[in-house]
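Scroll down for the structure; my scribbles are underneath it.
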Amino acid sequence: MALFGMLGGKRERPLVLHIDDSQLVLMTAQATLAGLGYDSIQTLSGADGVKTAADKKPDLILVDAIMPDMDGYETVVRLRAQKASAETPIIMLTGDDGVKSVDHAMSCGANDYLLKPLREERLKAKLEALIKR
């Protein structure tokens, strides 16, 4: 898990919360995010992600669509329901680019979506578009 620095109450680098049930995906994305100039924290479940979002107040949240127990869609609904993350930009990560899947992500409260596997140039563009530096 990455640590992030604070200067006078403000982060030195934007913080991204990544929620995914795959440790390998999380590790790979963490390295990519670091290379792009972002700090990141990871959780392996939707429930932990919702709690972490409330505690850490990240600048953006990445959520895997398919996870056991609480899927990404329910996770997004719960993130939107809590004050701490109600306005935080959320990107849904999915392997399915079908209109139904994308529409479902957006109707749950996601701001955007990315196809897996993550491509660095697309991730960078989405992050820059959604995070206010």
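Quick rundown of the values:
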{"item": "Kirkwood Rh and Cα Rg combined as Rg over Rh, evaluated for the chain", "result": "0.93"}
{"item": "Partner aspartates and glutamates for LYS56 [C-alpha distance under 16 Å; skip if fewer than 8 residues away on the same chain]", "result": "GLU12, ASP39, ASP48, GLU87"}
{"item": "Cα-based helix-to-principal-axis angle, 99-108 vs the chain, degrees rounded to 10", "result": "50"}
{"item": "Principal-axis tilt of helix 46-56 within the chain, Cα atoms, nearest 10 degrees", "result": "30"}
{"item": "Between 0 and 90°, nearest 10: helix 120-130 axis offset from the chain longest Cα axis", "result": "80"}
{"item": "Sequence-distant residues sharing a close amide H with GLN42 (under 5 Å, placed H)", "result": "ALA2, HIS18"}
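Bear in mind that the values in this text are calculations on the coordinates, not laboratory data. Predicted model only: the values in this text are computed from it and were never measured.
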